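Remarks on the structure that follows.
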Amino acid sequence: MEKTIHRPVDEIDKRWHLIDASGRVLGRLATEVTVLLRGKHKPIFSPHLDTGDFVVVINAEKVTLTGKKLKDKLYHRHSGYPGGLKTTTAEQMLKKHPTRVVEYAVRGMLPKTKLGDALFRKLKVYAGATHPHASQRPAPFVKKTVKEA
């Protein structure tokens with residue numbers, strides 16, 4: 001019987017991906033980003049290790065939501081005091097904090113552990129088309145369809 005080989009964390013190849021969110025549906029974009037962050041696209045994936053890559057998402061302000069989610073989807077936060085619940089619609093959130101919409105969608109799909117926190121730190125989201133990660137040379141990510149593979 002063969003043993004499963006686990007690579008040391010420092011030997012795992014970490015790449016940078018650039019994803020343009022303009023015109024993309026929020027949930028479908030978030031699942032692609034989550035797969036890249038977790039490393040599920042790599043043959044060396046292990047659920048307990050950080051095998052994922054860095055992801056830079058640009059044009060977060062141009063992400064789309066289907067149906068009536070702009071008006072109906074609600075984001076909640078609480079101050080910790082009685083009566084301190086604040087509620088914001090997705091439309092208001094996209095206008096005021098467009099990066100948080102993508103961040104919250106991706107964060108909800110990551111593990112709720114220390115590993116999930118470490119993976120989330122590798123996500124960089126920007127409202128516009130510019131980003132400060134040019135020196136890392138992020139490669140534009142194009143998802144391969146079933147027909148191409």
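Derivation of every value follows stated rules applied to the coordinates shown; laboratory data play no part. All figures in this text were calculated on a predicted structure; none of them were measured in a lab. Cβ placement follows ideal geometry from the backbone for every residue including glycine, while neighbour counts extend to all protein chains displayed.
Side notes on the structure shown:
- Across segment 1-84, C-alpha contacts under 8 Å between residues 6 or more apart give a mean separation that, scaled by the residue count, equals a relative contact order of 36 percent.
- Between 0 and 90°, nearest 10: helix 26-38 axis offset from the chain longest Cα axis: 30 degrees
- Residue of Ala30, Ala90, Ala60 that the Gaussian network model of the chain assigns the largest fluctuation, springs spanning Cα pairs under 10 Å: Ala90
- Between helix 98-107 and the chain: long-axis angle, C-alpha atoms, 0 to 90°, nearest 10: 50 degrees
- The chain - mean residue ellipticity at 222 nm from DSSP helices (-39,500 (n - 2.57) per run, n ≥ 4, rounded to 500): -7500 deg cm²/dmol
- For the chain, a simple Cβ point-charge model (Lys and Arg +1, Asp and Glu -1, everything else neutral) yields a dipole of about 440 debye relative to the Cα centre.
- In terms of its C-alpha gyration tensor, segment 1-62 comes out prolate, because a/c is 1.5 or above and the ratio a/b outweighs b/c.
- Once the C-beta distance of Lys95 and His131 is scaled by a Förster radius of 22 Å, the resulting FRET efficiency is 0.60 to the nearest 0.05.
- Each label point was placed 7 Å from the Cα along the Cα-to-Cβ direction; for Tyr104 and Asp20 their separation is 2.7 nm.
- Gaussian network model of the chain, springs between alpha carbon atoms under 10 Å - residue of Leu29, Leu85, Leu94 with greatest fluctuation: Leu85
- Percent RCO, i.e. relative contact order, over segment 1-144, from Cα pairs under 8 Å lying at least 6 residues apart: 32 percent
- Long pairs among Lys68/Lys144; Lys68/Lys95; Lys68/Lys143; Lys3/Lys114; Lys62/Lys124, criterion Cα-Cα beyond 18 Å: Lys68/Lys144; Lys68/Lys143; Lys3/Lys114
- Once backbone amide H atoms are built at 1.01 Å from N, Leu18 has Val56, Ala139, Phe141 as its partners under 5 Å, excluding neighbours fewer than 5 places away on the same chain.
- Protection proxy ranking, highest mean first, for peptides 45-58, 9-22, 65-78: 45-58, 9-22, 65-78, where packing is the per-residue count of other beta-carbon atoms within 10 Å, averaged.
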